[in-house]
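Pasting in a structure now, in structure tokens, and then I'll have a few things to ask.
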Amino acid sequence: MSFFNSMIAPDWKKFIPGLLLCAVFAFVVMNIHHLLATYHKADAASIKIPKIEKKIADLKSARGAPGEIASLEHQLHKYQKALKKVNGKVGQRWKWATFLYETCQFKYVAMLLIGGIIIRNTIGIPKVFLPGIGIARPLIKPGIIILGVHYVWSDVVKVGGTGLILTAFFIFGTALTVMYICRKKGVSDGLGGIMGAGTGVCGVSAIIATAPVVRARPLEMAYAIGTILLFGTLMLFVMPYLGQWLHVSQPQFGAWAAIAILNTAQLIAAAEWYGDEARNTAVLINAARIMLIPFIVMYTVWFYGLKDVNKESTGVWNTIKNKFPVFILGFFALVLLNSLHISALGGPKAAGTPFWAMNAVYKWFFALGFAGIGLSISIDDMKKSGGLAFLIGSGAATAKMILGLIAVMIIGSELLKVTGGH
Amino acid sequence: MEEKKSGSLSSEKREDLWAILLALAVLIFSIMAPDVVHDIFKKYLFIV
């Protein structure tokens, strides 16, 4: 019974106003996204329908391959359906929708993040909403679990394996570099330790996990978290545009973001912004990298040679048990179910099946989580970052981003692409 | 950061378990009525 009691926070009522605010914000933004997407599709359909009709007519008169004609007719039907949705006619244009949706990439992720930051830092958020906004961010986790229906075990072995090697190299390399430079420059073990762990893996989670081990002070934690959030926020907005400018493929972007962006929520946001394939790769590599959190804690203990900290924090089994992200087991359970190809469960593209229905839900969890992220980014909190540790941490994170880009360019798209069993 | 008391869950573990429970609930509803779940999240929640 005590287990069930501990599943509910004793002060759960304080989360309700903020959660409701995030739900309303997510609902409004998802509807704007839907509207833009619908008109953008209609705009594209309006241009493409005459071209496809001409192609079909040409192929029919030249007695072209029936397969090719059927495929074009299928495309034509889809475009006609998109146009019908807005009661449009061929030749009619909705350039504003294409400009916002395609050119500016103004999708639900960007609207929730940018809109949230603007709301938080201009009109402000009353204190009553803040606890609920904080609790909305982890709602990305059920979304990640549900995304498990997109993968099969061969993806986990291929992409997850490559990603695990890649991220392990960068995680421990960055952590070691930051801790070493911090020690050389006289930064305290507390700040150097959490900054090293934070810039190495998963940002805030790693800082919270290592803080008791290196006995970081609250102010040092605020510095480290401020640095990680500032860097992550910058990368979240810069990387999708940088990726497009550098013609980085979707799977490569997913892997690159998983190396460079430290916070899970910010990583998923950037990858989702870039596209579905990028998100699929990023989620899988993230699943692999967050399992390394217990090991970064042990690594920090080893680096600083800590012997007198309490046993519960440092015992190998206890560290793994306490710091292991349990929710990721749910993700792998769904990957396993999808890999078994159980016909009763279907797949994300098999209409009328359970996995197809689940596939419709995850974006709403993400939207709630992204609303929580946007509304919780306070510029005042970010100003807490600073000093030498900030420079070292940001320098190492920037180096990791550049080296990560080079690494994914060398590896190529094929090894990083999620097939979903197709 | 929430301190872990003996016998109780840390806030991160609680979040993880809730995430699993929510995903499980979605799976169960999707098995029971896939069309209803799909239509709610792909159609009815979009009012524009």
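Table: residues versus (1) open to solvent by 20 Å² or more (accessible area, probe 1.4 Å); (2) assigned by TED's automatic domain parsing to the domain that holds A:Trp364; (3) of a type in the set (A, V, I, L, M, F, W, C).
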residue	(1), (2), (3)
A:Ile32	yes, no, yes
A:Lys41	yes, no, no
A:Ile49	no, no, yes
A:Ala65	yes, no, yes
A:Lys78	yes, no, no
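Would you confirm whether any residue within segment B:39-46 is part of a helix (DSSP H, G or I), open to solvent by less than 40 Å² (accessible area, probe 1.4 Å) and not hydroxyl-bearing (Ser, Thr, Tyr)?
Step one: list which residues in segment B:39-46 are part of a helix (DSSP H, G or I), which gives B:39-44.
Right, trim to open to solvent by less than 40 Å² (accessible area, probe 1.4 Å) and you get B:39.
The next check asks that each one be not hydroxyl-bearing (Ser, Thr, Tyr); those that pass are B:39.
Within segment B:39-46, one or more residues are part of a helix (DSSP H, G or I), open to solvent by less than 40 Å² (accessible area, probe 1.4 Å) and not hydroxyl-bearing (Ser, Thr, Tyr).
So, in segment A:90-103, how many residues would count as being exposed (fewer than 12 other Cβ atoms within 10 Å of the Cβ) and free of Cβ contacts under 8 Å to residues at least 40 places away in the same chain?
So in segment A:90-103, the residues exposed (fewer than 12 other Cβ atoms within 10 Å of the Cβ) come out as A:91, A:95, A:103.
Among the residues that remain, those that are also free of Cβ contacts under 8 Å to residues at least 40 places away in the same chain are: A:103.
Matching residues across segment A:90-103 total 1.
Could you count how many residues in segment A:131-160 are more than 14 Å from chain B (Cβ to nearest Cβ) and either without any contact (Cβ under 8 Å) to a residue 12 or more places away in the chain or β-branched (Val, Ile, Thr) (or both)?
So the answer is 5.
If you take the residues of segment A:252-287 that are open to solvent by 10 Å² or more (accessible area, probe 1.4 Å) and part of a helix (DSSP H, G or I), which of them is nearest to A:Ile377 (Cα to Cα)?
Looking at residues that are open to solvent by 10 Å² or more (accessible area, probe 1.4 Å) and part of a helix (DSSP H, G or I), I get A:Ala265.
Looking only at segment A:104-116, count how many residues are open to solvent by less than 30 Å² (accessible area, probe 1.4 Å), out of contact with any His (no Cβ under 6 Å at 6 or more places or on another chain) and within 27 Å of A:Ile16 (Cα to Cα).
7
Can I ask one more? List pairs: first in segment A:351-364 and facing chain B (nearest Cβ under 7 Å) and in a loop (DSSP other than H, G, I, E, B), second surrounded by fewer than 24 Cβ atoms within 10 Å (Cβ to Cβ) and not hydrophobic (A, V, I, L, M, F, W, C), Cβ under 7 Å, 6+ apart or cross-chain?
Note: pairs meeting the criteria are A:Gly352/B:Pro34; A:Gly352/B:Asp35; A:Thr353/A:Gly346; A:Thr353/A:Gly347; A:Thr353/B:Pro34; A:Ala360/B:His38; A:Ala360/B:Lys42.
The values are calculated or read from the model by the stated rules, or taken from the named source; none is laboratory data. This is a predicted model, so every value here is computed, not measured. Note: ideal-geometry Cβ built from the backbone for every residue, glycine included; neighbour counts use all protein chains shown. Ligands, DNA and RNA are excluded from the accessible area calculation, which covers all protein heavy atoms including side chains. Shrake-Rupley method; radii C 1.70, N 1.55, O 1.52, S 1.80 Å.
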